[in-house]
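J.: Structure below; questions to follow.
The values are calculated or read from the model by the stated rules, or taken from the named source; none is laboratory data. This one's a predicted model, so the numbers in the text were calculated from it and none came from an experiment. Here the Cβ positions follow ideal geometry from the backbone for every residue, glycine too, while neighbour counts run over all protein chains shown.
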2 protein chains.
Amino acid sequence: MADLFSSIVGSQVAKRVGVPQPTRLRRHVPGGPLCEGPVLVAGGGRFAEGIAAWLDGLGIPTVRNVDDQTRTGTTVGAVVLDLSAATDPSELDQLRVLGAPAVKALARNGRVVLVGTDPATVTDVGASATQRALEGVVRSLAKELRHGATANLVLASGDARDAVRSAVEFFLSGRSAYVDGQAVRVGTSTRTDTDTDPLRPLAGKVAVVTGAARGIGAEIARVLARDGATVVAVDVPPAGDALAAVANEVKGTALQVDVTADGAGRRIVEHAKGRHGSLDIVVHNAGITRDKLFVNMDEDRWGAVVDVNLRSILRMNEAILGEGGISDDGRIVCVASIAGIAGNRGQTNYGASKAGVIGLVTALSEQVADRGITVNAVAPGFIETEMTARIPFATREIGRRMNSLQQGGQPRDVAETIGWFAQPGAAGVTGQVVRVCGQSLLGA
Amino acid sequence: MADLFSSIVGSQVAKRVGVPQPTRLRRHVPGGPLCEGPVLVAGGGRFAEGIAAWLDGLGIPTVRNVDDQTRTGTTVGAVVLDLSAATDPSELDQLRVLGAPAVKALARNGRVVLVGTDPATVTDVGASATQRALEGVVRSLAKELRHGATANLVLASGDARDAVRSAVEFFLSGRSAYVDGQAVRVGTSTRTDTDTDPLRPLAGKVAVVTGAARGIGAEIARVLARDGATVVAVDVPPAGDALAAVANEVKGTALQVDVTADGAGRRIVEHAKGRHGSLDIVVHNAGITRDKLFVNMDEDRWGAVVDVNLRSILRMNEAILGEGGISDDGRIVCVASIAGIAGNRGQTNYGASKAGVIGLVTALSEQVADRGITVNAVAPGFIETEMTARIPFATREIGRRMNSLQQGGQPRDVAETIGWFAQPGAAGVTGQVVRVCGQSLLGA
C-alpha cells in the first residue's frame with residue numbers, strides 16, 4: 001500500500017519538476033504499417049494461433065516464443081499474450097515468463113495487448129478470479145511502460161475471433177495512441193461482411209455526428225470521412241458557418257438542428273436517408289458544461305446540461321432506432337467523460353449527465369443487440385482543445401501530465417476510437433466505455 | 001473537460017502549498033448517536049418513508065422538506081435523498097431542489113446519502129440512465145464537500161428495505177468515516193433475525209481474521225470483538241507472540257497457520273468449530289507485497305504474492321464453504337486494494353492478486369447466494385500504518401492528501417467497513433467492493 005502512493009506520487013512529482021518532453025505518439029496513417037517491428041504472440045489461449053496467422057497475412061513478422069525473441073536481439077514492436085485459457089492463478093506466471101523479456105525489448109510506441117476471457121462468462125470461481133487478475137496486470141504494467149508504449153486488455157466471451165482480432169488490431173495500431181490501461185469486453189456477433197477495404201473500412205456507410213462544427217466533433221467528422229463514410233455534420237444554427245466549413249471539408253452535408261429540439265431525431269433520420277440513402281452510424285457528441293458548485297447550482301445550469309448531454313440522446317434515439325431509422329448492424333457511439341466515471345468538483349450536473357450516458361450505453365446495448373446494432377461510448381480525459389487551452393499554464397501542465405503517457409490527448413485520438421467502434425469488424429464490441437485518457441490517474 | 005482538470009489539479013496544488021490541517025473525522029462510538037443534528041429525508045422513492053420512520057424510532061430528528069429545513073436555521077447532520085423512483089433525467093433536478101439548501105447547511109462531518117435503484121435491474125433505457133446518473137452526482141458532490149463530510153450512494157434492487165436501511169445506517173454513521181464517493185448495490189435477502197443488539201450486532205458470531213497479528217488485521221480483530229464476535233486470530237507461526245497478544249486483547253483465540261499451507265482452511269474450520277462451536281465470519285486479510293518492475297520481476301516475487309493474496313483464499317474457501325464449514329448466512333470478506341482497481345507501478349504481481357480477489361468476490365457471491373452467505377471486499381486506499389509511516393515525509397504528505405478528505409485513513413476505518421459487511425442487517429449486501437480511501441483521486 002505504501003508503494004502505491006510513493007511510486008505514483010513520487011514519479012508525478014519528479015515529472016513536474018523536470019517537465020521532460022513527452023514522447024511523440026505514433027498515430028494512425030492510412031495504409032501505413034499496423035505497428036513497427038516484430039510482434040511476439042504467445043500464450044496458450046484459443047486466440048493466439050489466429051492472431052499470429054492474421055499478422056502473418058498482413059506481412060508483419062511474428063515471433064512465437066521468448067527464445068526466438070532473445071535470438072533476434074532486436075526491439076519488439078508489440079507483445080500479444082493470450083491467457084484466455086488460464087483457469088488457475090498460478091498460470092498468471094506465464095505472463096512474466098513469456099512477456100517480461102519481450103516487454104524489456106519493447107520499441108518506442110510499442111504495444112502490450114493481453115487477451116483473456118471475460119470473467120463474467122466463467123463459472124469456476126478460480127478461473128474467474130484468474131481472468132479478472134489480468135486487469136490488475138494491465139493497469140499496473142501500463143503505468144510502468146515508457147516512451148509512448150501502452151498496455152491494454154481484450155476480454156472475450158466465447159469464440160469471439162472476429163471481435164478479438166478487431167480489438168487487437170485497434171490496440172496495436174496508432175488509432176489507440178492515447179488509449180492506455182483499458183479493458184474491453186468483446187463477444188460474438190452475426191457479422192457476415194468480413195471483407196472491408198482496410199483503407200476505407202467505413203466505405204458505403206452514412207454517419208451522423210452531432211456537435212460537429214468544432215473541436216472533437218469536427219475531428220470525428222474528419223476521421224469518419226477519411227475512413228470512407230459519408231458524413232452528416234450536425235450542429236446548432238448559430239454555428240452554421242463553422243458547420244458548413246466542416247461539412248465541405250469532409251465532402252458531406254450539414255444539418256442545422258438543435259439536438260434538444262422536438263423532432264431533432266426525425267430530422268436527422270430524414271436528412272441522412274433523404275440525402276444519402278441510409279443511416280448507419282450515429283455519434284452523439286454534442287455536449288455542454290455549465291459548472292457551479294452544487295450548493296449554488298441553478299435550475300438553468302442543471303437543466304441545460306442534463307438536457308443537451310443526456311435527455312436529447314434518449315429522445316433522438318426514439319426516431320433513430322424506430323421504424324425506418326438506423327440500419328440493422330448500425331452503430332451508436334456516445335461521448336461520455338472521465339467526469340462521468342470519477343466525478344468532478346463543480347460538475348454535479350455534468351457528471352450526472354455523463355454517468356447517465358454510460359447507463360444509457362449499458363442498457364441500450366443489450367436491447368438492440370438482436371438487431372446487430374452496437375452501442376458504445378468513449379470517455380475522454382485531458383484532450384488538447386480550445387477549452388483546455390484556456391486553462392492557466394501551470395495547472396494545464398499538471399493536468400495534461402497526470403496520466404501514464406505524460407501528455408494531453410488530441411481530438412483525433414477520441415475520433416479514432418469512435419472510428420474503431422464504427423467498423424464492421426467491431427460488430428462484437430458493444431456496451432463498452434473506452435477511456436481515451438492516456439491512463440489518467442483519475443478514476444473511480 | 002477543461003474544468004475537470006483545472007479544478008481538481010488547482011485545488012490539489014493549493015492544498016499542497018497551504019497544507020491545512022485536515023478535519024478530524026467523526027468515528028463510530030458504540031452507543032453514541034448515529035449522526036449529529038437533524039436529518040433531511042426527502043425524495044419520492046420507495047424507501048424515504050421507511051428511512052424517516054426508522055430514524056424517528058432512533059430518536060433522531062428528521063425534516064421532510066426543504067422549507068422545514070430553512071425554517072430551522074440550524075445545521076443539518078445529514079441529507080438522505082431517495083430518487084429510486086426517478087425514471088427520466090429531468091427528475092434529477094429534484095436532487096438540486098430538495099438537496100442543495102440542506103447541503104449548504106451541512107454540519108462538519110455531515111453526510112449526504114443518495115438512494116437509487118440499481119440501473120442493472122431497470123429495463124427502460126431512460127430510467128436506467130437516470131439511475132446511473134446518480135453515481136455521477138455523488139462522485140462529483142463528494143469532491144465538493146468539506147470538513148469531513150461525505151457523499152455516498154445506495155443502489156437497491158427491488159424492495160430491499162432491510163439492506164437499504166443497513167447501508168444508509170453505515171453511511172450516516174462514523175463507521176464510514178473514510179468511505180466517500182462510493183456506490184453500493186444492495187438487494188433483498190431471506191434474513192429473518194432482524195433484532196440485533198445495536199451495541200453488539202455480531203453477538204454470538206464466531207469470526208476468523210487472517211493476518212491478524214498486526215496492522216489492519218489486528219484492528220479488524222478488535223472491531224469485530226468490540227461488536228460482539230468471538231474472534232479467531234490467524235497468522236503465521238513467526239508472528240506468534242504478536243498474534244497471541246492480539247488474541248488475548250480481544251478475548252479470542254490464536255491459531256498459528258500459514259494461509260498458503262495445505263489444509264489451512266480445514267484447520268481454520270476445525271479450530272473455530274472445535275473451540276467456539278461455529279464459524280460465521282471469515283475475513284481474508286493476510287497479504288504481502290513484493291514490488292519490482294514487471295521487466296525485472298522474478299518467479300519468487302510473482303509467485304509469493306499471487307499465492308498468499310489470491311490462491312490461498314481459493315484453497316481455504318474449499319474447506320470453509322464445504323460440508324461442515326461456514327454457517328448458512330455466513331460472511332466472507334476479502335481485503336482487496338486500490339492497486340487491484342487502478343493498478344500500480346511496480347506492482348503487476350500485487351495488482352494481479354488484488355484484481356483477482358475482486359473477481360473472486362464477484363463470482364463467488366453469486367454461487368453462494370442461495371445459502372445466504374455474502375461475499376464482499378474492501379479496497380483500502382492510503383491507510384496510516386507502519387508501512388506508510390516509512391514513506392519519506394513529502395511523498396507521504398502528498399499521498400495522504402490525494403483524496404477528498406485530504407488525509408490518510410486509519411486501520412479502524414477498514415475494519416469498520418468489514419464490521420458492517422459482517423452484520424446480520426447487511427444480508428442483502430453481496431458481491432460489493434467498497435473502497436475505503438476518502439475518495440482517492442486514483443482509479444480506473
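J.: For B:ASN344, work out the one condition from (1) closer than 24 Å to B:ASN152 by Cβ; (2) free of Cβ contacts under 8 Å to residues at least 24 places away in the same chain it doesn't fulfil.
T.: Condition (1) is where B:ASN344 drops out.
J.: Here is a further query. Restricting to region B:81-104, name every residue that is within 9 Å of another protein chain (Cβ to nearest Cβ), crowded, with 21+ Cβ neighbours inside 10 Å and in contact with a Ser or Thr (Cβ under 7 Å, 6 or more places away or on another chain).
T.: Result: B:PRO89, B:LEU92.
J.: I need the full set of residues from region A:338-347 which are of a type in the set (A, V, I, L, M, F, W, C) and either surrounded by fewer than 24 Cβ atoms within 10 Å (Cβ to Cβ) or in a helix (DSSP H, G or I) (or both), in order please. Reasoning before the result, please.
T.: Within region A:338-347, the subset of a type in the set (A, V, I, L, M, F, W, C) is A:338-339, A:341-342.
Within region A:338-347, A:ALA339, A:ILE341, A:ALA342 meet the criteria.
J.: Take region A:136-171 and flag every residue that is over 15 Å from A:ALA183 (Cβ atoms), more than 14 Å from every other protein chain (Cβ to nearest Cβ) and not in a helix (DSSP H, G or I). Steps first, please.
T.: Within region A:136-171, the first condition is being over 15 Å from A:ALA183 (Cβ atoms), and the residues that meet it are A:144-149, A:158-159, A:161-162, A:165-166, A:169.
Subset that is more than 14 Å from every other protein chain (Cβ to nearest Cβ): A:148, A:158-159, A:161-162, A:165-166, A:169.
Answer for region A:136-171, where residues must be over 15 Å from A:ALA183 (Cβ atoms), more than 14 Å from every other protein chain (Cβ to nearest Cβ) and not in a helix (DSSP H, G or I): A:GLY148, A:GLY158, A:ASP159.
J.: Within region B:1-60, track down each residue that is at pLDDT 85 or above, outside any loop (DSSP other than H, G, I, E, B) and of a type in the set (Val, Ile, Thr).
T.: Within region B:1-60, B:VAL39, B:VAL41, B:ILE51 qualify.
J.: Here is a check on your reading of the model: is B:VAL414 surrounded by 24 or more Cβ atoms within 10 Å (Cβ to Cβ) and touching a helix residue (DSSP H, G or I) at 6+ places or on another chain (Cβ under 9 Å)?
T.: Criteria met by B:VAL414.
J.: State all residues of region A:131-185 that are acidic (Asp, Glu) and surrounded by 24 or more Cβ atoms within 10 Å (Cβ to Cβ); if no residue qualifies, say none.
T.: Our first condition is that a residue be acidic (Asp, Glu); within region A:131-185, this holds for A:135, A:144, A:159, A:162, A:169, A:180.
Scanning region A:131-185 gives A:GLU135, A:ASP180.
J.: Right, another one. State all residues of region B:224-247 that are under 16 Å from B:THR260 (Cα atoms) and acidic (Asp, Glu); if no residue qualifies, say none.
T.: Matches in region B:224-247: B:ASP235 only.
J.: Go through (1) of a type in the set (D, E, K, R); (2) under 18 Å from the mean Cα position of the chain (by Cα); (3) facing chain A (nearest Cβ under 7 Å) and name the single condition B:GLU384 misses.
T.: Going through (1) of a type in the set (D, E, K, R); (2) under 18 Å from the mean Cα position of the chain (by Cα); (3) facing chain A (nearest Cβ under 7 Å) one by one, B:GLU384 breaks only (3).
J.: On the basis of being more than 8 Å from every other protein chain (Cβ to nearest Cβ), among the aliphatic types (A, V, I, L, M) and in contact with a helix residue (DSSP H, G or I) (Cβ under 7 Å, 6 or more places away or on another chain), does A:VAL305 make the cut? Outline the logic, then answer.
T.: Working: more than 8 Å from every other protein chain (Cβ to nearest Cβ): yes; among the aliphatic types (A, V, I, L, M): yes; in contact with a helix residue (DSSP H, G or I) (Cβ under 7 Å, 6 or more places away or on another chain): yes.
Judged against the criteria, A:VAL305 is a match.
J.: Listed residues A:LEU405, A:LEU442; which is hydrophobic (A, V, I, L, M, F, W, C), more than 7 Å from chain B (Cβ to nearest Cβ) and either in contact (Cβ under 8 Å) with a residue 12 or more places away in the chain or farther than 30 Å from B:LEU153 by Cα (or both)?
T.: On the way: A:LEU442 fails: more than 7 Å from chain B (Cβ to nearest Cβ).
Going through A:LEU405, A:LEU442 in turn, the sole match is A:LEU405.
J.: Before we move on, is A:LEU98 under 26 Å from the mean Cα position of the chain (by Cα) and in the same structural domain as A:HIS147 (by TED's automatic domain parsing)? If you could, list the steps in order and put the result at the bottom.
T.: Details: under 26 Å from the mean Cα position of the chain (by Cα): no; in the same structural domain as A:HIS147 (by TED's automatic domain parsing): yes.
Criteria not met by A:LEU98.
J.: Also, I was wondering about something else. Could you list, in sequence order, all residues of region A:348-375 that are more than 29 Å from B:VAL97 (Cα to Cα), polar (S, T, N, Q), more than 7 Å from chain B (Cβ to nearest Cβ) and outside any strand (DSSP E or B)?
T.: A:SER365
J.: Return a yes/no flag: does region A:369-381 have any residue that is in contact with a helix residue (DSSP H, G or I) (Cβ under 8 Å, 6 or more places away or on another chain) and either surrounded by fewer than 24 Cβ atoms within 10 Å (Cβ to Cβ) or closer than 25 Å to A:VAL295 by Cβ (or both).
T.: no
J.: Here's another thing I want to ask about it. Check A:GLY228, A:GLY204 and return the single one that is out of contact with any Lys or Arg (no Cβ under 8 Å at 6 or more places or on another chain), modelled with pLDDT of 95 or more and small (Gly, Ala, Ser).
T.: Working: A:GLY228 fails: out of contact with any Lys or Arg (no Cβ under 8 Å at 6 or more places or on another chain).
The conditions single out A:GLY204.
J.: If you take the residues in region B:231-244 that are β-branched (Val, Ile, Thr) and surrounded by 24 or more Cβ atoms within 10 Å (Cβ to Cβ), which one is nearest to B:VAL308 (Cα to Cα)?
T.: Step one: of region B:231-244, the residues β-branched (Val, Ile, Thr) are B:231-232, B:234, B:236.
Checking which are surrounded by 24 or more Cβ atoms within 10 Å (Cβ to Cβ) leaves us with B:231-232, B:234.
On the way: B:VAL231: 21, B:VAL232: 19, B:VAL234: 14 Å.
Across region B:231-244, the extreme among qualifying residues is B:VAL234.
J.: Right, another one. Tally up the residues in region B:183-223 that are assigned to a loop (DSSP other than H, G, I, E, B) and of a type in the set (Lys, Arg), please.
T.: Keep residues of region B:183-223 that are assigned to a loop (DSSP other than H, G, I, E, B), which gives B:187-205, B:211-214.
This time we only want the ones that are of a type in the set (Lys, Arg), so: B:191, B:200, B:205, B:214.
Residues that pass the stated criteria total 4.
J.: Looking only at region A:112-135, decide whether some residue is farther than 22 Å from A:ASP159 by Cα and either within 14 Å of chain B (Cβ to nearest Cβ) or not in a loop (DSSP other than H, G, I, E, B) (or both). Even if it seems obvious, please write down each step before you answer.
T.: We begin by selecting, within region A:112-135, every residue farther than 22 Å from A:ASP159 by Cα; these are none.
Within region A:112-135, none of the residues are farther than 22 Å from A:ASP159 by Cα and either within 14 Å of chain B (Cβ to nearest Cβ) or not in a loop (DSSP other than H, G, I, E, B) (or both).
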